[in-house]
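Enquirer: Pasting a structure here, questions to come.
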Amino acid sequence: MKSYKFRIYPSKKQEELLNKHLWLAKNLWNELLGECKKIYTNFGYFPTKNTLQLMVKNYGLYAQTQQEIAHRVHNSVIRVFKLRNNLVKCGFPRFKSIDRMKSLHYPQYGFCFDKKLKVTPFGEIAIKKHREIKGEIKTLTLKRESSGKWFAIFCAETPKEIPKENNGEAVGIDLGVMRFATLSDGKVIKNPRHLMKYEKELAFIQRKFSRKKKRSKNRKMAKVRVARLYEKISDCRRDFLHKISTELVNDYSFIASERLASQKMAEQNYGKQIHDAGWSMFANMLAYKAEGAGCRVVFVNPENTSKMCSRCGNIRKDLSLRDRTYTCPECGLTIDRDLNAAVNILKRVTPGQGGSNACNSLQKERDVAERSNVCEAGSLRLLIGEACHKATSPEFS
Ligand SMILES: [Zn+2]
């Protein structure tokens, strides 16, 4: 399944109707959530999907859309319990204001899209079809972004592509904040720092927004202005990541990257910069683009990748974040810190290559081979048991 996102331009009347439907959807969500809570306090269990579905008849929305909201409520409640059972901290679903209800979903019928987009009950909506959709369209979501722009998102079942031939080399990638990425062959990708570029402007309009009188029309307008700038920043970021990831999967036949827990890292330190870099979005893009480009992406355990010497395997415990070059006291290797990490990352999936991993012995290699059962001919002999990321794409293109 792949998602395609297109901008749509509803007329004034249509937009009014769309907003009205969002309003109804929000009310429905709140009503159902309230009902869930009531049943739970009275009887000690949550209603099933079917019970919720029976409550939503004739609400004024498209039939399947309102059913889907019942499913959404049910799923979000159940999800909380699953997460809490696994000791993950999370909040209970909230009652929504209109700003938090953003989309109307058409899971099967109610829309038709050939040259024009027709959606019941809004009629023909102007759409900018900037690219072709491959495969069969399954679902439609109409979405209003905080900036006030409307989008149509189609999910389509795409036929499996035949991978292109790729004669590129293998590469390890070290992601960072100072530079966006360092490749094991010495190439460097600069960090564009999108947020930093607009930080001053953002602060200015946010300050203006906070000074506006509550519930005033001016405040509403200022809020849209803030949302628009945020949208611009994230658009820039996504564009950059798309370009980089496409280039990488086309140039290399094998990519090793770190499996980063960026959320956790961001909570500890440098949160703004880490989120701004968009590592997880990048990892996602690499994974789903790789298949079509005949490239293989593997994520490895990031432990000690920067502290380990890439020539002899010695681990320097005293290396701090400030040291930009790595000097090995054992073998005397002096190398850029990020480059060292990138080489280590590549070595982790290709043990025994370059003859530097001698101490890790053949036995270990054999163990790995047995565990993963993936063998490749040619330059890449082994893949560690990290399964290649599945090529699903939560990323809207
Ligand atoms: Zn060394």
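Enquirer: Return a yes/no flag: does segment 90-104 have any residue that is farther than 30 Å from Val224 by Cβ, assigned by TED's automatic domain parsing to the domain that holds Glu31, at pLDDT 90 or above and of a type outside the set (S, T, N, Q).
Expert: no
Enquirer: While we're looking at this one, here's another question. All but one of (1) more than 9 Å from the ligand (Cβ to nearest atom); (2) surrounded by 15 or more Cβ atoms within 10 Å (Cβ to Cβ); (3) over 30 Å from the mean Cα position of the chain (by Cα) hold for Thr334, so report the exception by its number.
Expert: Among (1) more than 9 Å from the ligand (Cβ to nearest atom); (2) surrounded by 15 or more Cβ atoms within 10 Å (Cβ to Cβ); (3) over 30 Å from the mean Cα position of the chain (by Cα), Thr334 violates only (2).
Enquirer: For segment 310-331, which positions are among the charged types (D, E, K, R), more than 21 Å from Leu183 (Cβ to Cβ) and more than 12 Å from the ligand (Cβ to nearest atom)?
Expert: First, pick out the residues of segment 310-331 that are among the charged types (D, E, K, R): 311, 316-318, 322-324, 330.
If we keep only those that are more than 21 Å from Leu183 (Cβ to Cβ) as well, we get 316-318, 322, 330.
Scanning segment 310-331 gives Lys317, Asp318, Arg322.
Enquirer: If you don't mind, there's one more thing I want to ask. If Val80 satisfies every condition in (1) at pLDDT 90 or above; (2) under 17 Å from Leu28 (Cα atoms); (3) among the β-branched types (Val, Ile, Thr) but one, which is the exception?
Expert: (2)
Enquirer: Could you tell me whether any residue of segment 298-309 is at pLDDT 85 or above, of a type in the set (Gly, Ala, Ser) and within 13 Å of the ligand (Cβ to nearest atom)?
Expert: If we filter segment 298-309 for residues that are at pLDDT 85 or above, which is where we start, we get 298-309.
If we keep only those that are of a type in the set (Gly, Ala, Ser) too, we end up with 306.
From what's left, within 13 Å of the ligand (Cβ to nearest atom): none.
Within segment 298-309, none of the residues are at pLDDT 85 or above, of a type in the set (Gly, Ala, Ser) and within 13 Å of the ligand (Cβ to nearest atom).
Enquirer: Moving on to the next point. Quick one: which helices (runs of 4 or more DSSP H) lie wholly within segment 1-113 and hold at least 1 residues that are polar (S, T, N, Q) and under 28 Å from the mean Cα position of the chain (by Cα)? Walk me through it before giving the result.
Expert: On the way: elements: 12-43, 49-55, 63-85.
Correct list: 12-43, 63-85.
The values are calculated or read from the model by the stated rules, or taken from the named source; none is laboratory data. What you see is a predicted model, and the numbers here were worked out from it, not measured in a lab. For neighbour counting, all protein chains shown are included, and Cβ atoms are generated from backbone atoms with ideal geometry for every residue, glycine included.
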